[in-house]
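Undergrad: Got a structure here, written out as structure tokens. Questions coming.
The values are calculated or read from the model by the stated rules, or taken from the named source; none is laboratory data. None of these values were measured; they are calculated from a predicted model. Glycine also receives a Cβ, built like all others from the backbone with ideal geometry; neighbour counts cover every protein chain displayed. Protein only, heavy atoms only, side chains kept; ligands, DNA and RNA dropped before computing areas. Shrake-Rupley method; radii C 1.70, N 1.55, O 1.52, S 1.80 Å.
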Amino acid sequence: MTDAAPTATASATPAPDAPPQPASLEDKIDIYRAFIGSAERTIEGRMRTNQFYFSVVAALVVAYTWLAESQWRGAAVVGAAAALLAGCLFYPEPASADEAHKKAATPLANGEIAVGWREFKPWIARLDHKGKPLWQKTISNESGALVKVTPLPDGHFVAGSMLYGGFGPAWAISFDLHGNILWKQNFGEGTYSISSMAALPNGSVLFAGGDSSGDRFARWAALVNSDGKLIWQRAFDSKGNVGTAYAIAPIKNGAIVAGQRWRTPFGEGYHSGEPWAARIGNNGEIIWSKDFGPDMSFPKAANKQPDYVLHSVEVTSGGKVILKGEGVKFVRGGQRKVATWQLHVGLDGNVTGKKYSAKADGRGGNSPLSSAEDGKVKK
């Protein structure tokens, strides 16, 4: 008997034309920029509102002067015209259509369920086939963004978060087709983000995440049942040995987790990491945990170590595990060379085969994985 993967409602590995997008440094910068832009628009809207109120008050003062002091009527006419002009110029603009930033979606028969963030708060919505909201709501008592969503066997949905500042806990919510929140699970300080989710046939959900620059943050995985109760949670790191779990996939009697162990932390410049994966049991116990650097290797880049990551896991019906990853090394002129790997791994963690390809992508940068821009949701 093989340890075949139980059938899940959503594959842990996206289609080949849509590779998973972990929370890379570039992704974080994109979110921070959009977040700051939203703050600027909010402040600008409030300034416009205050200016409009001022123009209304000015118009009332001018009107009173017209009625009470006839000798000032000429000045009152000029003042009234100026006040009305100011009111037209500074009337508050309607909410910008790009205030809702879509980070992930799952398709429906005539539209999709989308998640992301809006006005500093996590956001969920049901969009029609044209991308317009049938309903939408923000999670008012939380901050950050929802960056993952997947359907559940009962027709509900589960979504996972990423924090902007990196110092709060990751959390997940389940909600129905009408946006009613069914449960919420908080994964505790130091978890930071959810990078991957896999729904099981019984309604339970596997989670994986991590990713921050502090020593107290770690690669982690967890299992939550269909009622939102935490069954187990496992951290893979210790102080000085941090990273991110980017993918998780179920197998019989456990799961395979894959990601990156950092050699150097994120900072103002370059960081580098080792490709890493682990097998865990039904109760979250570690069966094996190892780096796959010897199986994914460039010739050493000048002055900087290459950066490697495993970003997806596929488990075949026969129990075979396929780990997919990328690497980047810097070459002359500040450019970089990117390579992709597929590692065929047994359930004992040993590599049985691999595929490799490499190309120069002509860009500078830090992470081998960059994310698409936020989706813009129209009203």
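Undergrad: R0 = 30 Å: FRET efficiency of T316 with D291, Cβ-based, nearest 0.05? Spell out each step's value before the answer.
TA: Numbers: r = 23 Å, r/R0 = 0.78.
E(calc), rounded to 0.05, equals 0.80.
Undergrad: Can you give me the solvent accessible area of E142 with a 1.4 Å probe, rounded to the nearest 10 Å²?
TA: Accessible surface of E142 is approximately 30 Å².
Undergrad: If DNA, RNA and ligands are ignored and the probe is 1.4 Å, what is the ranking of F236, F292 by accessible area, most exposed first?
TA: Correct descending sequence by accessible area is F236, F292.
Undergrad: Would you pull out the residues with amide H under 5 Å of W262's amide H, same chain only if 5 or more places away, H placed 1.01 Å from N?
TA: Hits under the 5 Å cutoff: V242, G243, T244, E274.
Undergrad: What is the ratio of the Cα radius of gyration of the stretch 126-193 to 2.2 N^0.38 Å, with N the residue count, to two decimals? Spell out each step's value before the answer.
TA: Values: Rg = 12.8 Å, N = 68, 2.2 N^0.38 = 10.9 Å.
That works out to 1.17 for the stretch 126-193.
Undergrad: Out of residues 5 or more away from S226 or on other chains, whose amide H comes under 5 Å of its own, with H placed 1.01 Å from N in the peptide plane?
TA: S204
Undergrad: On the full set of protein chains, 1.4 Å probe, figure out the accessible area of R263 and give it in Å² to the nearest 10.
TA: 70
Undergrad: According to a simple spin-label model (label point 7 Å from Cα along Cα-to-Cβ), what is the distance in nm between L108 and L134?
TA: 0.3
Undergrad: Same structure, new question: For Q233 and N180, FRET efficiency with R0 = 25 Å and r from the beta-carbon atoms, rounded to 0.05? List each step's numbers first, then the result.
TA: On the way: r = 26 Å, r/R0 = 1.04.
Approximately 0.45, to the nearest 0.05.
Undergrad: If you don't mind, another one. Using packing as a proxy for protection, rank 132-140, 319-327, 196-204 so that the peptide with the highest average count of other Cβ atoms within 10 Å comes first. Mind dumping the intermediate values first?
TA: On the way: 132-140: 14.9, 319-327: 21.6, 196-204: 19.3.
Answer by packing, highest mean first, reads 319-327, 196-204, 132-140.
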